[in-house]
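K.L.:
Pasting in a structure now, in structure tokens, and then I'll have a few things to ask.
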């Protein structure tokens, strides 16, 4: 059997990263941790036969309902409606109470269906991050289809919110062409289609340096719901607190970054939102914490760790 792509020089993955000596990021204010709050706003852009899809939505629908071919499922519809009608507003109010500016990871179709919510996020100082036009799997798209989706997402977000996204997180799974298409489209300073580090890093895309600001599926409320291992807001609080505390302790010598990833239809439920409030109260009791948007982190990294002039990042 021939093993394809296993030669060291040709292997298309970086298993080393910064290694044993990661750079000191020199966060503003000599912060020991950079904390990002990222709210996914996808409701109204999910899989639905109303959108021409073959099934109902089967992911992160909060009730464990699998996809149903050829049918709308009222329970699933209602869960996504709740996120847009109630949950997102609750999360925005909580962030406003704590004077926190984060990222709204916004799907274009969702923004079109509730433009007031997206405009309120911009008015509160949150960054609009491209999150696909639809909340669907990019890995199954053709290159031409994905190119058109990226363009449509950018156009929609800029038209509705007045803010052109400079960051990107694919709607579900990114594809093998996504990063190259983002660079080709132009205007993106960074993307978040990476889960492999706790610091930003440069990567080479078609001979050009491109910045990755890692996201998280781990410090993420997707672990609630049917089949998840979190039951209540205290589970969320404890997990987030422990991650924060360890990173904060390590930050005495090696500061890193933590992303708290949220979904309006999940963390927006009252009992779960209480856990978010407790976590933010815990964070507020610490000094030397830089709470930043993805764009602010990208700008800081670019200024302090500019991309290599040429060659591999």
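K.L.:
Go through segment 62-94 and give me each residue that's under 21 Å from residue 282 (Cβ atoms), touching a strand residue (DSSP E or B) at 6+ places or on another chain (Cβ under 9 Å) and in contact (Cβ under 8 Å) with a residue 60 or more places away in the chain. Steps first, please.
P.N.:
Keep residues of segment 62-94 that are under 21 Å from residue 282 (Cβ atoms), which gives 90-94.
Next cut, touching a strand residue (DSSP E or B) at 6+ places or on another chain (Cβ under 9 Å) only: 91-92.
Once the filter is applied, which keeps residues that are under 21 Å from residue 282 (Cβ atoms), touching a strand residue (DSSP E or B) at 6+ places or on another chain (Cβ under 9 Å) and in contact (Cβ under 8 Å) with a residue 60 or more places away in the chain, segment 62-94 yields only 91.
K.L.:
What pairs come up if the first residue lies in segment 135-152 and is on the phi < 0 side of the Ramachandran plot and at pLDDT below 90, the second is part of a helix (DSSP H, G or I) and surrounded by 13 or more Cβ atoms within 10 Å (Cβ to Cβ), and their beta carbons are under 6 Å apart, counting only those six or more places apart or on different chains?
P.N.:
Listed by first residue and then by second, the contacts come to 138/146; 138/178.
K.L.:
Does residue 14 fit the bill of being within 23 Å of the chain's Cα centre (by Cα) and either touching a residue at least 60 places away in the same chain (Cβ under 8 Å) or assigned to a loop (DSSP other than H, G, I, E, B) (or both)? Quick ask: steps written out before the conclusion?
P.N.:
On the way: within 23 Å of the chain's Cα centre (by Cα): yes; either touching a residue at least 60 places away in the same chain (Cβ under 8 Å) or assigned to a loop (DSSP other than H, G, I, E, B) (or both): yes.
Yes, satisfied.
K.L.:
Please determine whether any residue of segment 171-192 is within 24 Å of residue 61 (Cβ to Cβ), surrounded by fewer than 22 Cβ atoms within 10 Å (Cβ to Cβ) and out of contact with any helix residue (DSSP H, G or I) (no Cβ under 6 Å at 6 or more places or on another chain).
P.N.:
Yes: segment 171-192 contains one or more residues that are within 24 Å of residue 61 (Cβ to Cβ), surrounded by fewer than 22 Cβ atoms within 10 Å (Cβ to Cβ) and out of contact with any helix residue (DSSP H, G or I) (no Cβ under 6 Å at 6 or more places or on another chain).
K.L.:
Tally time: how many residues in segment 75-113 are more than 20 Å from the chain's Cα centre (by Cα) and more than 23 Å from residue 272 (Cα to Cα)?
P.N.:
Number of matching residues: 1.
K.L.:
Let me ask something additional. With respect to residue 292, determine if the residue is surrounded by fewer than 14 Cβ atoms within 10 Å (Cβ to Cβ), touching a residue at least 24 places away in the same chain (Cβ under 8 Å) and in contact with a helix residue (DSSP H, G or I) (Cβ under 9 Å, 6 or more places away or on another chain). Before you say what the answer is, go through the steps one by one.
P.N.:
Values: surrounded by fewer than 14 Cβ atoms within 10 Å (Cβ to Cβ): no; touching a residue at least 24 places away in the same chain (Cβ under 8 Å): yes; in contact with a helix residue (DSSP H, G or I) (Cβ under 9 Å, 6 or more places away or on another chain): yes.
Answer is no for this residue.
K.L.:
Name the helices (runs of 4 or more DSSP H) wholly inside segment 83-171 in which the number of residues that are closer than 24 Å to residue 182 by Cβ is 1 or more.
P.N.:
On the way: elements: 88-97, 108-113, 115-123, 143-161.
Filter on segment 83-171 gives 108-113, 115-123, 143-161.
The values are calculated or read from the model by the stated rules, or taken from the named source; none is laboratory data. Bear in mind that the values here come from a model prediction, so they are computed numbers and not experimental data. When we count neighbours, we look across all protein chains shown, and the Cβ atoms used for this are built from the backbone with ideal geometry, even at glycine.
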